[in-house]
Amino acid sequence: MPLILLHLVAAALYAGLAIHFWRTRWRGPALDQPLKGIAPAERTWLLAALLIHGVTLANEILPGDEMRFGFSAALSLILWLAIALYWIESFYARMDGLQMLGLPLAAICVLLPAAFPGHHLLANASSPIFRAHFLMAMLAYSLFTLAALHAILMAVAEKRLHRGRLTPLLAGLPPLLTMEALLFRLIHIAFLLLTLTLGSGILFSEAIFGKAMTINHKTVFAILSWLIFGALLAGRHLRGWRGRTALRWTLAGFATLLLAYVGSRFVLEVILGRTA
């Protein structure tokens, strides 16, 4: 099957599941009984979408002995990992609602590499140190993506709760304090991975990138995001930050982190038309 068809099939599966979850979870009055968790058939279709999406990523990022990784592949991989982690986490914790936010984004992002094929070659891609660094960075991005989607869902639920207008999905969510605890669990793990990513990039720059570390906008945004999430966790432990304060800091940190690599590559590849 041509690669473009795989992109389209994965996007159609994501979009179809999003529509299905919208019709069965989001619509209707709060008194309607919501479905409990993800049904086996829904989980199977989501796994199928993830597998097809994974095949497209393997072909886009590793076309041969090279490793190409532009902004479109980065977004596609981040959403793939985020949805895969959601799929695994859904076995152990109620994360209903994230599918309504994550699946439409995944449907868009799986098509991006076909529309904007990446030509940026990664240096030292065969190095084990580089691969460990790359894996930690992508896991950190994906966990922070889940945390950001989780924060948006919490904000919507809190707003609807104050207005007394709950949909079946929102009515079936865990208590906000439980959701908040899950949010900070995601942030703690992602922050640790981001710390390891930055630390390895600083200490082993020549082994990872083939050159000494340079201070550029990507590095500045990554460090700034680390500082924001570090301040959020410190505020949580020392001053009990929660609610809207925690949600704002989470979204600010995620937006800053997104600018670090995806934003810089978008400017270089799409606006400036450069691949290096």
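Return the total of residues in segment 46-82 being touching a His at 6+ places or on another chain (Cβ under 8 Å) and assigned to a helix (DSSP H, G or I). Write out each step before concluding.
From segment 46-82, those touching a His at 6+ places or on another chain (Cβ under 8 Å) are 56, 68-70, 76, 80; that's our starting set.
This time we only want the ones that are assigned to a helix (DSSP H, G or I), so: 56, 76, 80.
Qualifying residue count, segment 46-82: 3.
Any chance you could count how many residues in segment 58-73 are over 16 Å from the mean Cα position of the chain (by Cα) and among the aromatic types (Phe, Trp, Tyr)?
1
Give me the pairs: first residue in segment 1-26 and more than 10 Å from Gln99 (Cα to Cα) and modelled with pLDDT under 95, second residue part of a helix (DSSP H, G or I) and of a type in the set (S, T, N, Q), beta-carbon distance under 6 Å, and six or more apart or on different chains, which are they?
Pairs found: Leu3/Asn59; Leu6/Thr56; His7/Thr56.
Mind counting the residues in segment 180-202 that are among the hydrophobic types (A, V, I, L, M, F, W, C), farther than 29 Å from Thr214 by Cβ and more than 16 Å from the chain's Cα centre (by Cα)?
1
Taking Leu232, is it out of contact with any Phe, Trp or Tyr (no Cβ under 6 Å at 6 or more places or on another chain) and not small (Gly, Ala, Ser)?
Values: out of contact with any Phe, Trp or Tyr (no Cβ under 6 Å at 6 or more places or on another chain): no; not small (Gly, Ala, Ser): yes.
In short, no.
A quick yes/no check of all residues on (1) modelled with pLDDT of 90 or more; (2) surrounded by fewer than 16 Cβ atoms within 10 Å (Cβ to Cβ); (3) not in a helix (DSSP H, G or I):
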residue	(1), (2), (3)
Ala140	yes, no, no
Leu143	yes, no, no
Leu146	yes, no, no
Leu177	no, yes, no
Lys211	no, yes, yes
Ser225	yes, no, no
Gly230	yes, yes, no
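How many residues, within segment 62-112, are free of Cβ contacts under 8 Å to residues at least 24 places away in the same chain and small (Gly, Ala, Ser)?
Residues in segment 62-112 being free of Cβ contacts under 8 Å to residues at least 24 places away in the same chain and small (Gly, Ala, Ser): 1 in total.
Checking Leu182 against (1) more than 23 Å from Tyr92 (Cα to Cα); (2) at pLDDT 80 or above; (3) among the hydrophobic types (A, V, I, L, M, F, W, C), which test does it fail?
(1)
Being of a type in the set (Ser, Thr, Tyr) and surrounded by 18 or more Cβ atoms within 10 Å (Cβ to Cβ) is the filter here, so list the residues in segment 232-256 that pass it.
Scanning segment 232-256 gives Thr250, Thr256.
Kindly check whether there is at least one residue in segment 190-205 that is modelled with pLDDT of 75 or more, surrounded by 13 or more Cβ atoms within 10 Å (Cβ to Cβ) and not in a helix (DSSP H, G or I).
no
The values are calculated or read from the model by the stated rules, or taken from the named source; none is laboratory data. None of the values given here were measured: they were computed from a predicted structure. As a convention, Cβ positions derive from the backbone with ideal geometry for all residues, glycine included, and neighbour counts pool all protein chains shown.
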